[in-house]
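Peer 1: Here's a structure for you.
The values are calculated or read from the model by the stated rules, or taken from the named source; none is laboratory data. Every value quoted in this text rests on a predicted model; they were computed, and no experiment measured them. Positions of Cβ are backbone-derived with ideal geometry, glycine not excepted, and every protein chain shown enters the neighbour counts. Note: areas computed on protein heavy atoms with side chains; ligands, DNA, RNA excluded. Shrake-Rupley method; radii C 1.70, N 1.55, O 1.52, S 1.80 Å.
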Amino acid sequence: MGFPQANSMKFETITVGHRGPTTLVTLNRPDKLNAMSTMMKEELIRALHELDASEKTRAIVITGAGQKAFTAGADIHEFQGRTPIEQWRMYEHGTLYDAVDRTSKPVIAMVNGYCFGGGLELAMACDIRIASERATLGQTEINIGIIPGGGASQRLPRLVGLGTALKLTLTGDRIDSAEALRIGLVDEVVPHARLEKRTFQIAERIASRSALAVRLAKTAVRASVRLPLDQGLRYEQSLFALAMASEDKDEGVRAFLEKRDAAWRDR
Ligand code: COA
């Protein structure tokens, strides 16, 4: 499949290519199993920010270059000599994981291989995870004497439950994609050869909807992990009321009654 590169965006450690309404962001250090250096994280934050503002992009897919890895996590080489103050400063302006979480457009992790440590945290920050049968996943920080620092202690239990999250985090063990699907860590597993096709199919299906409705729906569902039930239900009602005021609601209802496809205006 061809992905024309985005001209405006120049990066060293990632590539950004468009196909129709979907933009593919590829972590591009295959010789290092796409380990995420500070530069890569900064470039990803910048790309997400620009894509969220771009009219062209309606869905974002994140994957890893090469045949082996989504990403083997944070670049371990950079841990050597990093002081606590330096680490603290890295959080000051918001992390990659915050940036993915805050992207208003749908973000899909296309997990094509190794997905460890910060790589799993990146996948968990995304909205949907589609994995290759070849993928291996793990919250592996404990193996090098540290703990997750990119959100796993909070996002993993919300996805898989407390006991399973603790088992993965405390053992550092790796699991295959079938097990990841069984525990709810990924949402679909497909044969490796079909991974890209299936992921883009999902992205394009979402992209065919009203972008405004997609955005409101994503906001409401993502709030469910942050808000107590009563507040979450009230929040959903407010967003629903907002959706009722949209041009796309008028168009969607009219199209249904006239038995035709809707022509969304995304407002
Ligand atoms: N950070 C920096 N470099 C990494 C890396 C990481 N997280 N993971 C892999 N690499 C590099 C290796 O150092 C190696 O580079 P080199 O060829 O210059 O020595 C290259 O990627 C290939 O890795 P290698 O270990 O030779 O591949 P493998 O197929 O034998 O093993 C893994 C793959 C993923 C099992 C193994 O690399 C690994 O355990 N990586 C660390 C995963 C991890 O715990 N991540 C969380 C960090 S907090």
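Peer 1: Sorted by accessible area (1.4 Å probe), largest first, how do D261, D248 line up?
Peer 2: D261, D248
Peer 1: With every protein chain left in place, what is the accessible area of Y91 in Å² (1.4 Å probe, nearest 10)?
Peer 2: For Y91, the solvent-accessible surface is approximately 90 Å².
Peer 1: Kindly provide the GluC sites (Glu not before Pro) of region 227-260 that DSSP labels as loop, not H, G, I, E or B, and whose Cβ sees at most 12 other Cβ atoms within 10 Å.
Peer 2: Those that pass, being in a loop and sparsely packed, are E258.
Peer 1: Note down the relative contact order for the chain as a percent, whole number, built from C-alpha pairs under 8 angstrom at least six residues apart.
Peer 2: With pairs under 8 Å counted, the relative contact order is 15 percent.
Peer 1: Any chance you could check the Cα centroid distance between region 28-102 and region 134-190 for me, in angstrom?
Peer 2: 19
Peer 1: Using the Cα gyration tensor of region 112-267, with a ≥ b ≥ c the square roots of its eigenvalues, what is the shape: rounded (a/c below 1.5), prolate (a/b larger than b/c) or oblate (neither)?
Peer 2: In terms of gyration-tensor shape, oblate.
Peer 1: If each of S224 and Y91 carries a label point 7 Å out from its Cα toward its Cβ, how far apart are those two points in nm?
Peer 2: Placing both labels 7 Å along Cα→Cβ, they lie 2.8 nm apart.
Peer 1: Moving to a separate point now. To the nearest 10 square angstrom, what accessible area does E92 show with a 1.4 Å probe?
Peer 2: Taking all protein chains as shown, E92 has close to 110 Å².
Peer 1: Please list 3J(HN,Hα) in residue order for region 196-206, calculated via the Karplus relation 6.51 cos²θ - 1.76 cosθ + 1.60 where θ = phi - 60°; whole Hz, with x for glycine and proline.
Peer 2: 5, 4, 5, 5, 5, 4, 5, 4, 5, 4, 5
Peer 1: Answer rounded, prolate or oblate for region 45-156, using the Cα gyration tensor with square roots of eigenvalues a ≥ b ≥ c: rounded when a/c is under 1.5, else prolate when a/b is larger than b/c, else oblate.
Peer 2: It comes out oblate by the Cα gyration axes.
Peer 1: Express as a percent, rounded to the nearest 5, the fraction of DSSP beta bridges in the chain (both residues included) that run antiparallel.
Peer 2: 30
Peer 1: Please report, as a whole percent, how much of the solvent-accessible surface of the chain comes from carbon and sulfur atoms (probe radius 1.4 Å). Show your work: numbers first, answer last.
Peer 2: Numbers: 7970 of 14410 Å².
Carbon and sulfur together cover 55 percent of it.
Peer 1: So, one more: If I take R0 = 22 Å and measure r between the Cβ atoms of L233 and V253 in this structure, what FRET efficiency does the formula 1/(1 + (r/R0)^6) give, to the nearest 0.05?
Peer 2: 0.40
Peer 1: If each DSSP helix of 4+ residues adds -39,500 (n - 2.57) and the sum is divided by the residues in the chain, what number results at 222 nm, nearest 500 deg cm²/dmol? Numbers along the way, then the final one.
Peer 2: Working: 11 runs with 119 residues, N = 267.
Taken over the chain, the calculation gives -13500 deg cm²/dmol.
Peer 1: Same structure again: May I ask which of K167/K197; K105/K167; K10/K197; K197/K218; K41/K249 have a Cα-Cα span longer than 28 Å here?
Peer 2: Cα-Cα > 28 Å for K167/K197; K105/K167; K41/K249; rest within.
Peer 1: For the chain, rounded, prolate or oblate, judged on the Cα gyration tensor with a ≥ b ≥ c (square roots of eigenvalues), a/c < 1.5 rounded, else prolate if a/b > b/c?
Peer 2: It is prolate, given that a/c is not under 1.5 and a/b is the larger ratio.
Peer 1: Given the peptides 35-41, 152-158, arrange them by the average over their residues of other C-beta atoms within 10 Å, most packed first.
Peer 2: Top to bottom by mean Cβ count within 10 Å: 35-41, 152-158.
Peer 1: Ranked highest first by the average count of other Cβ atoms within 10 Å around their residues, in what order do 171-178, 198-205 fall?
Peer 2: With the highest mean Cβ count within 10 Å placed first, the list reads 198-205, 171-178.
Peer 1: Just the number, please: percent antiparallel of the DSSP beta bridges in region 1-130, rounded to the nearest 5.
Peer 2: 30
Peer 1: Between E179 and R194, 0.36 nm times their residue separation minus their Cα-Cα distance comes to what?
Peer 2: 3.5 nm
Peer 1: If you don't mind, there's one more thing I want to ask. When ligands, DNA and RNA are left out and all protein chains stay put, how many square angstrom of accessible area per residue does region 91-186 have with a 1.4 Å probe?
Peer 2: Values: 3920 Å² over 96 residues.
Using a 1.4 Å probe on heavy atoms only, each residue of region 91-186 averages 41 Å².
Peer 1: Please compute the net charge surrounding N34, taking Lys and Arg as +1 and Asp and Glu as -1 over other residues with Cβ under 15 Å from its Cβ.
Peer 2: That sum, taken over residues with Cβ under 15 Å, equals -1.
Peer 1: Please report the antiparallel percentage of the DSSP beta bridges confined to region 115-208, to the nearest 5. The partial results should precede the final answer.
Peer 2: Details: 3 of 8 bridges.
Of all bridge pairs located within region 115-208, approximately 40 percent are antiparallel.
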